């Protein structure tokens, strides 16, 4: 496993996805809709923080991932 320090961002939209990575796209879709509905736009690439996964949880339904998308106000 590789750990790295990531740069701070001023503001980010975040969501937690619980379960298998197979349907993580649904979490992204909801987050991008929330960003649009709140008059924001992505300011940088999304990032994922894997809190629980195969390394500490056998059951995929217990896996937990935080998705962060740096955002800024629409002009």
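The values are calculated or read from the model by the stated rules, or taken from the named source; none is laboratory data. From a predicted model like this one, the values you see are computed outputs, not experimental measurements. Neighbour counts run over all protein chains shown; Cβ positions are idealised from the backbone, glycine included.
Below are the figures for this structure:
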quantity	calculated
Residue pairs meeting the criteria (Cβ under 6 Å; at least 6 apart or on separate chains; first more than 27 Å from residue 70 (Cβ to Cβ), in the stretch 40-60; second modelled with pLDDT of 95 or more)	57/63; 60/20
Condition met for residue 17 (within 13 Å of the chain's Cα centre (by Cα) and touching a residue at least 24 places away in the same chain (Cβ under 8 Å))	yes
Search result, residues across the stretch 29-55 that are in a loop (DSSP other than H, G, I, E, B), farther than 19 Å from residue 11 by Cα and touching a helix residue (DSSP H, G or I) at 6+ places or on another chain (Cβ under 9 Å)	53, 54
Single residue of the stretch 56-75 satisfying the filter (touching a strand residue (DSSP E or B) at 6+ places or on another chain (Cβ under 6 Å) and part of a loop (DSSP other than H, G, I, E, B)) that is surrounded by the most Cβ atoms within 10 Å (Cβ to Cβ)	63
Single unsatisfied condition, residue 22 versus (1) part of a helix (DSSP H, G or I); (2) surrounded by 10 or more Cβ atoms within 10 Å (Cβ to Cβ); (3) without any contact (Cβ under 8 Å) to a residue 40 or more places away in the chain	(2)
